[in-house]
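Each remark here refers to the structure printed beneath this line.
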Amino acid sequence: MASSYLGSSIIGRAQESRALLVVLHNIRDYAKGRHRVTDDTPYGGGGGMVMKPDPIFEAVESVLGSKREGTPVILMTPQGRLFSQAVARELSGYKRIALIAGRYEGVDERVRQHLATDEISIGDYVLTGGELPALTVIDAVTRLLPGVLGDDAATEKDSHGDSGLLEHPHYTRPMNYRGWRVPDTLVSGDHNRVELWRRQHALRRTWKRRPDLFDGVHLSDLEKEWLAKVVKEYEADETKGSE
Ligand code: ADE
């Protein structure tokens, strides 16, 4: 599952261009015995299985070797800190990270206590395993690495990017599709007006959909004025249902 995703599209190209190297390791390969068992019943009884500590410790220690210093060892778990664009940015600054994809029934507590240096959740829901969460982290981090998207400026304006706001709406050709026209400002050729429109619509969209995001955003006095105007316009706007 992971290798097919990692081999395709932008992540695949990032690896071809050596902006990124992902190496997959199967924890089972580090389990002992003929059956290579990686889980066992919980002490204290109850349902479900728990991932054994030894194969995980041995996998991480063997993979990272003596160069472990400074490498975050991240356990993917719904109990971890919530993943976000800010966390992706933070992780993109490391030369190397190790992600451990466990199973949701549980991982022996000693992995958290003595091996993992960080625990990340991709959201308040429970998946059957940490593989998709690990791929999510890899994807979000990869597109922030230098050279991966081509246009270095592109990630700054992303939703949840440097501005902290949701992104403005986008349009491309045709100018008129089924009678739905592209806003005049965007085809005006006036760069300043386009920038103003985009900033105002980013503010408007964020205010409408994710007002919580404003908590972490510094707005200039001018932007506060825009926002007040945007809110007022929004309240008067008949078409606001489409926002
Ligand atoms: N494993 C199962 N669910 C998860 C989640 N929401 N985040 C990270 N790892 C998980």
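The values are calculated or read from the model by the stated rules, or taken from the named source; none is laboratory data. Here the structure is a predicted model, which means the values were calculated and not measured. Note that we place each Cβ from the backbone using ideal geometry, even for glycine, and neighbour counts take in every protein chain shown.
Could you count how many residues in the range 25-73 are outside any loop (DSSP other than H, G, I, E, B), touching an Asp or Glu at 6+ places or on another chain (Cβ under 7 Å) and not aliphatic (A, V, I, L, M)?
So the count comes out to 2.
Being aliphatic (A, V, I, L, M) and within 23 Å of Val141 (Cα to Cα) is the requirement here; does Leu166 meet it? Working first, answer last.
Values: aliphatic (A, V, I, L, M): yes; within 23 Å of Val141 (Cα to Cα): yes.
It is true that Leu166 is aliphatic (A, V, I, L, M) and within 23 Å of Val141 (Cα to Cα).
Would you be able to tell me the number of residues in the range 32-46 that are within 18 Å of Gly129 (Cα to Cα) and either outside the structural domain of Ala59 (by TED's automatic domain parsing) or small (Gly, Ala, Ser) (or both)?
So the answer is 0.
Taking the conditions exactly as written (near the ligand (Cβ under 10 Å from one of its atoms) and of a type in the set (Phe, Trp, Tyr)), does Tyr94 satisfy them or not? It would help to see each step written out before you state the result.
On the way: near the ligand (Cβ under 10 Å from one of its atoms): no; of a type in the set (Phe, Trp, Tyr): yes.
Against the criterion (near the ligand (Cβ under 10 Å from one of its atoms) and of a type in the set (Phe, Trp, Tyr)), Tyr94 does not qualify.
Condition first: in contact with a helix residue (DSSP H, G or I) (Cβ under 6 Å, 6 or more places away or on another chain) and either within 14 Å of Gln85 (Cβ to Cβ) or not assigned by TED's automatic domain parsing to the domain that holds Lys232 (or both). Now tell me which residues in the range 204-221 satisfy that. Outline the logic, then answer.
To start, the set of residues in the range 204-221 that are in contact with a helix residue (DSSP H, G or I) (Cβ under 6 Å, 6 or more places away or on another chain) comprises 204, 206, 213.
Selection gives Thr206, Leu213.
Take the range 2-24 and flag every residue that is under 18 Å from the mean Cα position of the chain (by Cα) and part of a helix (DSSP H, G or I).
Across the range 2-24, the qualifying residues are Ala2, Tyr5, Leu6, Ser9, Ile10, Ile11, Gly12, Ala14.
Filter the range 66-96 for residues that are hydrophobic (A, V, I, L, M, F, W, C) and surrounded by fewer than 16 Cβ atoms within 10 Å (Cβ to Cβ) and give the result. Spell out the reasoning first.
To start, the set of residues in the range 66-96 that are hydrophobic (A, V, I, L, M, F, W, C) comprises 73-76, 82-83, 86-88, 91.
Selection gives Leu82, Ala86.
Out of the residues in the range 110-139 that are under 15 Å from Arg96 (Cα atoms) and out of contact with any Phe, Trp or Tyr (no Cβ under 7 Å at 6 or more places or on another chain), which is farthest from the ligand (Cβ to nearest atom)?
Thr117
Conditions: (1) part of a helix (DSSP H, G or I); (2) touching a Lys or Arg at 6+ places or on another chain (Cβ under 8 Å); (3) more than 14 Å from the ligand (Cβ to nearest atom). Val87 meets all but one. Number of the miss?
It is condition (3) that Val87 fails.
How many residues are free of Cβ contacts under 8 Å to residues at least 60 places away in the same chain and surrounded by fewer than 16 Cβ atoms within 10 Å (Cβ to Cβ) when one looks only at the range 21-53?
Qualifying residue count for the region: 22.
If you scan the range 90-111, which residues turn out to be in a strand (DSSP E or B) and farther than 17 Å from Leu135 by Cα? Steps first, please.
If we filter the range 90-111 for residues that are in a strand (DSSP E or B), which is where we start, we get 98-101, 103, 107.
Correct list: Val107 only.
When the range 19-46 is examined, which residues are found to be within 20 Å of Val137 (Cβ to Cβ) and not hydrophobic (A, V, I, L, M, F, W, C)? Step through it out loud before you land on a result.
At the first step, the residues of the range 19-46 found to be within 20 Å of Val137 (Cβ to Cβ) are 19-27.
His25, Asn26 - these are the residues of the range 19-46 that are within 20 Å of Val137 (Cβ to Cβ) and not hydrophobic (A, V, I, L, M, F, W, C).
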